[in-house]
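Peer 1: Sharing a structure below in structure tokens format, with a few things to ask.
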Amino acid sequence: MKNIILSILLISNLLLAYNSDDLKQVKDEGDCPKCDLSYADLSGLELSFSDLSDANLSHANLNRAVAHKTDFSRANLSFATFVKSNIKGAKFRGAILKNTDFYDARIWKADFTDAKIDRCDFNESALGSAVFENNNLSNSTFHGAILYKTVFKADVKGVPKAEN
């Protein structure tokens, strides 16, 4: 019985995994809008100026990636990790950011307008000049984050308090 359950779990994880052609495309060309990159290992990749809008990047590993001015608009980034990534000027407009880990990431001038943000870890990250508009940050953490000139529009709920 244990072997059957383990086999089912393994097969179900494989069915949820990224499309190998999409992974090759993003590695070769950078642009891959509407791609399925769920569970993909994109750690350390150079993704600057890439178009990853509307892509499924849920559970993707983007740790230590460089993604300057990358377009993540409307992408599903649930459970993705950006630990120690450098993603300055990126667009997250309308993206799904549920349990997304941005720990110690450099996210200067990022645009989070209309992003669905829930339980994200922004601890120790640098969000200078980032823009938050039409978001709920109540369940996310910002301990030790740099918020220099970060813009929180009036419709943002749960704006983090400055730490002393």
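Peer 1: Just need the relative contact order of the chain here, percent rounded to a whole number, with Cα pairs under 8 Å and 6+ apart.
Peer 2: Working: 498 pairs, mean separation 19.8, N = 164.
It rounds to 12 percent for the chain.
Peer 1: Taking the beta-carbon count within 10 Å as an exposure proxy, list 22, 28, 101 from fewest neighbours to most. The partial results should precede the final answer.
Peer 2: Values: 22 18, 28 9, 101 23.
Result, fewest neighbours first: 28, 22, 101.
Peer 1: Suppose a student asked you for the relative contact order of region 84-156, using Cα pairs under 8 Å spaced at least 6 residues apart; what percent would you report? Could the numbers behind the result be given before it?
Peer 2: Numbers: 219 pairs, mean separation 20.0, N = 73.
The value is 27 percent.
Peer 1: For the chain, build the convex hull from the C-alpha positions and give me its volume per residue in Å³. Provide the component values of the computation, followed by the final result.
Peer 2: Details: hull volume 17.5 nm³, N = 164.
Spelled out: Cα convex hull of the chain, divided by residues, is 107 Å³.
Peer 1: Hey, what number do you get for the chain at 222 nm if only DSSP H runs of n ≥ 4 count, each worth -39500 (n - 2.57), divided across all residues, to the nearest 500?
Peer 2: -4500 deg cm²/dmol
Peer 1: Scan around residue 146 for amide H atoms under 5 Å from its own, H built in the peptide plane at 1.01 Å from N, and keep only partners 5 or more places away or cross-chain.
Peer 2: 125, 126, 127
Peer 1: Rounding to the nearest 10 and keeping the result within 0 to 90°, find how far the Cα-based axis of helix 2-15 lies from the longest principal axis of the chain.
Peer 2: So the helix axis and the longest Cα principal axis differ by about 60 degrees.
Peer 1: Quick check on the exposure proxy: order 34, 84 from fewest to most C-beta atoms within 10 angstrom.
Peer 2: On the way: 34 13, 84 17.
Fewest to most other Cβ atoms nearby, the residues stand as 34, 84.
Peer 1: Could you give the nm distance between label points at residue 24 and residue 41, where each point is 7 Å from its Cα heading toward the beta carbon?
Peer 2: Result: 1.9 nm between the two label points.
Peer 1: Still on this structure, please answer the following. Around residue 120, what is the net charge, scoring Lys/Arg as +1 and Asp/Glu as -1 over all other residues with Cβ under 12 Å from its Cβ?
Peer 2: So the surrounding residues net to 0.
Peer 1: Would you mind ranking 66, 156 so that the residue whose beta carbon has the fewest other beta carbons within 10 Å leads the list? The partial results should precede the final answer.
Peer 2: Details: 66 16, 156 19.
Least to most surrounded, the residues fall as 66, 156.
Peer 1: A further question follows. Residue 17 versus residue 124, label points 7 Å from Cα toward the beta carbon: distance in nm?
Peer 2: Between residue 17 and residue 124, the label points sit 3.0 nm apart.
No value in this document is a laboratory result; all are computed from the given coordinates. Keep in mind it's a predicted model, so treat the numbers as computed, not measured. Neighbour counts are summed over all protein chains in view; Cβ atoms, including those assigned to glycine, are modelled from backbone coordinates with ideal geometry.
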